[in-house]
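The values are calculated or read from the model by the stated rules, or taken from the named source; none is laboratory data. All values derive from a computational prediction rather than experimental measurement. With ideal geometry, Cβ positions are generated from the backbone for all residues, glycine too; neighbour counts draw on all protein chains shown. Accessible surface areas use protein heavy atoms only, side chains included; no ligands, DNA or RNA. Shrake-Rupley method; radii C 1.70, N 1.55, O 1.52, S 1.80 Å.
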Amino acid sequence: MKIFSFKIQHSRTVKAALGRNMEDIPALFPELFKSADKLCLVTGSDAPPSLRARALALFPEGKKPRAYFWLPPSEKAKTLEQAGELASFLFENGFSRSSMIIAAGGGAVTDLAGFAASIYMRGVTWISVPTTFLAQIDAGLGGKTAVNLGGAKNIAGTFHQPALAVCDTAFLDSLPHAELRSGAGELVKYALIGPGALRGIVEKNLSKTLAGDKAALTACVSACAAYKLKLVAKDERDETGLRERLNLGHTAGHAFEAMAGGRLPHGEAVARGLRFALIASREQGLLGRTDFKKLNGLIDALRLPPATAVRRDFRQFLGLVSRDKKARGARNRFILVEGPGRLHPAEDLKTTVLKKAFQGALK
Ligand code: GLY
């Protein structure tokens with residue numbers, strides 16, 4: 001297990017424990033738990049027994065009073081009403097400003113529980129325990145919390161860092177292949193945005209990761225999570241362009257998710273969004289043929305199933321990307337790629353370029 005400690009620019013120091021088969025987190029981080037009067041473990045009502053067993057191994061029943069709160073499955077959890085229900089539950093059960101929320105689940109659980117932690121009594125301590133591959137390398141880290149509004153993702157939210165993120169790859173042992181492939185969409189993103197050493201780790205482990213190899217998964221989670229946390233430490237609020245690198249593929253990806261009515265897994269949408277970015281970069285004359293082929297080959301390696309759920313409606317796509325909160329007032333704004341690890345934000349791309357990338361991404 002590796003333990004990282006980061007001083008976040010606008011916030012306090014946050015810690016991350018990355019590894020496999022960890023045990024008794026309160027014993028490992030006694031300072032963090034010393035002042036907590038009560039713990040609330042939040043997870044999805046669809047959590048399999050293996051997830052609950054592992055969560056209990058990480059946070060064994062001890063001397064602190066605790067309560068359990070079950071969220072509705074997947075994105076259905078991410079509503080203002082659910083955040084209100086969790087906050088009311090905490091209040092009714094006597095939780096104070098010194099209490100602690102432990103969120104164990106996929107990105108929807110950590111987003112919602114982190115959001116509730118940020119508003120309950122103006123902010124209580126929380127611990128993020130991402131249990132899917134995707135959440136362990138992205139959604140469960142970095143303190144962006146959110147709920148969805150009006151069919152659009154993450155429209156209301158806060159920055160509220162978990163005091164500790166625990167990424168234990170033993171949670172991934174029973175993940176179905178489709179979930180590993182979805183998480184691998186984010187993994188390929190790291191190969192496109194990261195330095196050479198990180199790209200090397202992803203390239204070396206990609207096919208083994210897709211096959212569920214435990215050592216490969218642990219190597220990828222440790223390397224990607226550490227890289228993300230370094231970016232977050234330097235640019236928590238997405239202000240200097242460093243954290244924005246993590247959004248590669250996400251503007252088009254979020255539009256594809258919306259156009260699929262929630263039937264396209266996030267990581268697959270991101271993988272198609274990455275392809276969109278590579279084609280748009282090539283069409284803009286930013287990305288040469290050789291690099292295009294090399295980077296696009298990593299997306300090919302995911303063997304994505306056809307994106308049949310996504311409506312082929314280019315006008316709707318244009319509307320969605322212009323409303324994206326990352327557009328910052330421009331007609332459209334995308335992160336483009338100049339080469340491995342070299343990114344270039346671009347605004348107001350021509351419709352002809354967008355159309356070619358849209359068609360290519362959904363092929
Ligand atoms: N998922 C992008 C970020 O955390 O900034």
Once the Cα atoms of segment 272-314 are picked out, what are the Rg and Dmax in Å? 11.8, 31
Projected area, mean over directions - the chain, Cα convex hull, nm²: 16.2 nm²
Output the Kirkwood hydrodynamic radius of segment 26-81, Cα pairs only, in Å rounded to one decimal. 12.9 Å
To make sure I understand the rule: partners must be lysines, Cα under 28 Å from the Cα of Lys63, and not fewer than 8 residues away in the same chain. Which ones qualify? Lys2, Lys15, Lys34, Lys38
With each run of n ≥ 4 DSSP H residues scored as -39500 (n - 2.57), what mean residue ellipticity at 222 nm is computed for the chain after dividing by its residue count and rounding to the nearest 500 deg cm²/dmol? -13500 deg cm²/dmol
What percent do you get for the relative contact order of the chain when only Cα pairs under 8 Å and 6+ apart count? 14 percent
So how tilted is helix 214-234 from the main axis of the chain? Cα-based, degrees 0 to 90, rounded to 10. 90 degrees
How much net charge surrounds Ala330 when only other residues with a Cβ under 14 Å from its Cβ are counted (Lys, Arg +1; Asp, Glu -1)? +3
What list of ³J(HN,Hα) couplings, whole Hz, do you get for segment 93-107 from phi and the Karplus terms 6.51, -1.76, 1.60, once you set θ to phi - 60° and write x for glycine and proline? 9, x, 6, 10, 5, 9, 7, 9, 9, 10, 9, 10, x, x, x
Reachable lysines, given that their alpha-carbon falls under 19 Å from the alpha-carbon of Lys350 and they are not under 8 places away in the same chain: Lys326
Rounded to a whole number, the Stokes-Einstein D of segment 237-286 in µm²/s (Kirkwood radius over Cα pairs; 4 °C; 1.567 mPa s) is 113 µm²/s
Which angle between 0 and 90 degrees, to the nearest 10, do you get for helix 266-283 versus the longest principal axis of the chain when only C-alpha atoms count? 30 degrees
Please give the contour-minus-distance gain from Lys214 to Glu92: 0.36 nm per residue of separation, less the Cα-Cα distance, rounded to one decimal in nm. 39.8 nm
Using only the heavy atoms of the protein chains and a 1.4 Å probe, how would His250, His177, His266 rank by accessible area, largest first? His177, His266, His250
Environment charge of Gly212, counting only residues whose C-beta is closer than 14 Å and scoring Lys/Arg +1, Asp/Glu -1: +1
Per-residue ³J(HN,Hα) for segment 52-65, Karplus 6.51 cos²θ - 1.76 cosθ + 1.60, θ = phi - 60°, Hz, x for Gly and Pro: 5, 5, 5, 4, 6, 5, 6, 10, x, 4, x, 7, 6, x
Span from the segment 346-363 Cα centroid across to the segment 137-153 one, whole angstrom: 25 Å
In angstroms, what radius of gyration and Dmax does segment 1-106 have, counting Cα atoms only? 14.7, 38
